[in-house]
1. Where residues in region B:602-628 are part of a loop (DSSP other than H, G, I, E, B) and within 23 Å of B:A173 (Cβ to Cβ), which of them is nearest to the other protein chains (Cβ to nearest Cβ)?
2. Going residue by residue through region B:206-219, is there one that turns out to be of a type outside the set (A, V, I, L, M) and under 23 Å from B:R140 (Cα atoms)?
3. Could you check region B:589-607 and list, in sequence order, the residues that are farther than 19 Å from B:D556 by Cβ and buried (at least 19 other Cβ atoms within 10 Å of the Cβ)?
4. Here are the criteria: (1) over 30 Å from B:A603 (Cβ atoms); (2) part of a loop (DSSP other than H, G, I, E, B); (3) within 14 Å of chain B (Cβ to nearest Cβ). Tell me which single one A:A88 does not satisfy.
5. Having 3 or more residues that are open to solvent by less than 10 Å² (accessible area, probe 1.4 Å) and touching a residue at least 40 places away in the same chain (Cβ under 8 Å) is the bar; report the strands (runs of 3 or more DSSP E) wholly within region B:230-296 that clear it.
6. Hey, could you check region B:563-577 for residues that are within 14 Å of chain A (Cβ to nearest Cβ) and open to solvent by 10 Å² or more (accessible area, probe 1.4 Å) and say which is nearest to B:G503 (Cα to Cα)?
7. Name, by its number, the condition in (1) at pLDDT 95 or above; (2) in contact with a helix residue (DSSP H, G or I) (Cβ under 9 Å, 6 or more places away or on another chain); (3) open to solvent by 10 Å² or more (accessible area, probe 1.4 Å) that does not hold for B:A346.
8. Cβ-Cβ distance below 9 Å, separation of 6 or more or different chains: which pairs start in region A:70-87 with a residue that is in contact (Cβ under 8 Å) with a residue 12 or more places away in the chain and within 16 Å of A:L26 (Cβ to Cβ) and end on one that is open to solvent by less than 20 Å² (accessible area, probe 1.4 Å) and polar (S, T, N, Q)?
Amino acid sequence: MQPSDIRRLVIDWLDDNYHFGEAEALIGDDEDKSFLRNGVLDSLGFVKLILHLEDACNVQIDRKDVSPANFDSLLKVVTYVSAQLTKART
Amino acid sequence: MTPIYLAPDAAVAQHSQMRAFADCAAGVVGRAFPDYASLNRWACDDFRAFWRTFVDWSRLDISGNLDPVCVGDAVETARFFPGLRLNYARNLLRPLSGVDERGPALILRTESGERREIDRAALRSRALAVAAALQEQGVRAGDRVAALARNAPEALEVCLGSAALGATWSSVAPDLGTEAVLGRFQQLEPVVLFAHTEYVHHGVRRSLEDRVRTLVAELPSVRQLVVLDGPVPAGLRDGVRVSRLEDFRARQPLELDALEDFPFDHPLFVLFSSGTTGVPKCIVHGAGGTLLEHVKEHRLHTDLRPTDRLYFHTSAGWMMWNWQLTALATGTPVLLYDGSPSFPDATVLLRVLDEERISVFGTSPAYIQLLKESGVEPRAVGRFEALRALQSTGSILYDAQFDWIGEHFKRVPIHSISGGTDIIGCFMLGNPLMPVYRGESQSLSLGLDVRVLAEPGLQRTGVGDLVCVNPFPSRPVFIWNDPQGARFHASYFAENEGLWTHGDRVHLTEWGSARVLGRSDGTMKIRGVRIGPAELYSVVLAIPGVSEAMAVEQADPREPGGSRIILLVVLAAGQTLDREQTLRIKKALSQKASPVHVPAVIAQVSGLPQTLNGKYSERAARDIVNGRAPPNRAALRNPEVLDELLAHPALQPPQPFMGDRAK
């Protein structure tokens, strides 16, 4: 799974559950824009997103890693999940 | 407050029968009823005075004592008018002051283009000749008479002939399968079977001979078969007499005035529940309760008069067939349409309504949707000059459908009526004194103390389960083969002791209107929020391309509340549910309902499960998406859609998340 696939996965999930076709526009050009501070996701949404990523990307996310530092923007999510997938492969 | 769709016409209200009755009641009780709210409050609080006043005012043909009006105060056991006697058929067939005996009582139009008219004198003569023939065959009061019948005048004639003798009538329509018919009639053990032996629907002529042969063979109680129209089936069981209707009734009619009066609770009609949970219930309705409730609904709520012409789209297997029949007691001519309302095209019924100068048109949300989906512009089909009210029932008529009717058909009062088989009448009706609010039923039925049951208890307004707290005459007199009343109690009273619990989730508004939100057992609880499926339908069905929708709750261990919403949609012909349309539906629900209303899954299907009565069965779909077998496939009109749901990959019961599974 490439970073672009993970990015698409997150955008689609945001559209399916919260923004219905407007997620990409809401995030805009700054893909490191904070989800929490910009109304992209709330804390309940965070939990659901992590569960979804585990299922869809077949990765185990260590609950100690669940923090805004790893998940509070599109860029952070893609970077974190890509790293986990690489780690799992090696 | 909901926007007003149409304000009441002051002149219509002033001259309405509801106003006349309110003034009459004011004279009786010595206080004014300036509006419907005050009238209904009195009619509910002092229901004995109300029903007695109504019987006096309506001038029905009755004998015996009006006192006591009602024995007992419990809805489940109270009995109305134990000293009063009447003959239902005589009340419908008698000459009425100011009504032309040679004017039409029944008008038949068929999809094949046939037109027939039967005047009141001829209808009386024919029905009473049928009564004479039944009497000769030894049919007595209380015997059951069954019919497999098209929506045609001869079916109404023989129904009235049976009722004239005090026989108990039960009918089904030709589209009901043999097993389903037997599941109903075998319980009743009818002595006479009336049957059409062929019918035409959507341009196709179908024989009913095999079915009639099987019914006669499997109903050993039947002594006489009367063929209403069509060939006489060969090879019938020995011991059953067979006649054609014209031969059967070739007799001197009984005298109308010589007909016997029967007790108020004498069994008149047997209607059937859909049977989704087992063998259909045979719901027995009394002659007095049926007559009184129907006349009240016709004259007061619908303002029906002899100068009107009523058409209600129904079949002999639905309670609205019995309901329209009683309009004869008011002297209103009734149009019957036999065939498909959309053959050879979707304008056919509209042309008939216009040509026959129908003033009150009863239909269903499905028909309105059919017109809309077919691109029909009713205004271009006819002028509908006589039309003064449009009634709709069977399912919920949504706000957008009100708008469509007003913009494309005619802006007349819309009576979104609701009640059903169980009460052979309505809890929600039209009302000439009140405005029509968009998407809502105008008013509650006079004298029926309807409340909602919700936390913290009974309320006059708000959202909750519909209950009726006072006795009413059109409650079933009993359920067939239920001598101890256990099934009767379980059906209507077990859930809330002492209250008639109807099974509908409703919103009773502060301004006196009402809105059905769906069946109570279809209510979903998502993240702690109770959601009626209709809350979704009103939004989804307004989206172009969506023809039908059904929402059900599916258990989902991954969701915070343990469940999620599944939305099934049927799209207009040729359309496929793509991502764009999926997101459009979700967005509309999020914005117009709430984020909690957004379904987790939207799945396109070719059809939605419907009961034999044509009602959508959320229960069947819910069982399937939760991995349970539906209770009774035979109770569905289209059981094949269950297989489609079973095989649909998006509808499989969800598994726990990977992390949870590992635990």
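The values are calculated or read from the model by the stated rules, or taken from the named source; none is laboratory data. Only a predicted model underlies this, so the values are computations on that prediction, with no experimental measurement involved. Quick reminder, even Gly has a Cβ in these numbers, built from the backbone with ideal geometry, and neighbours come from all protein chains shown. Areas reflect the complete protein model, heavy atoms only, side chains present, ligands, DNA and RNA absent. Shrake-Rupley method; radii C 1.70, N 1.55, O 1.52, S 1.80 Å.
1. B:L608
2. Yes, that holds for at least one residue.
3. Selection gives B:V605 alone.
4. In the conditions (1) over 30 Å from B:A603 (Cβ atoms); (2) part of a loop (DSSP other than H, G, I, E, B); (3) within 14 Å of chain B (Cβ to nearest Cβ), A:A88 misses (2) alone.
5. B:267-272, B:282-286
6. B:R564
7. Going through (1) at pLDDT 95 or above; (2) in contact with a helix residue (DSSP H, G or I) (Cβ under 9 Å, 6 or more places away or on another chain); (3) open to solvent by 10 Å² or more (accessible area, probe 1.4 Å) one by one, B:A346 breaks only (1).
8. Close Cβ pairs satisfying both conditions: A:D72/A:S34; A:S73/A:S34.
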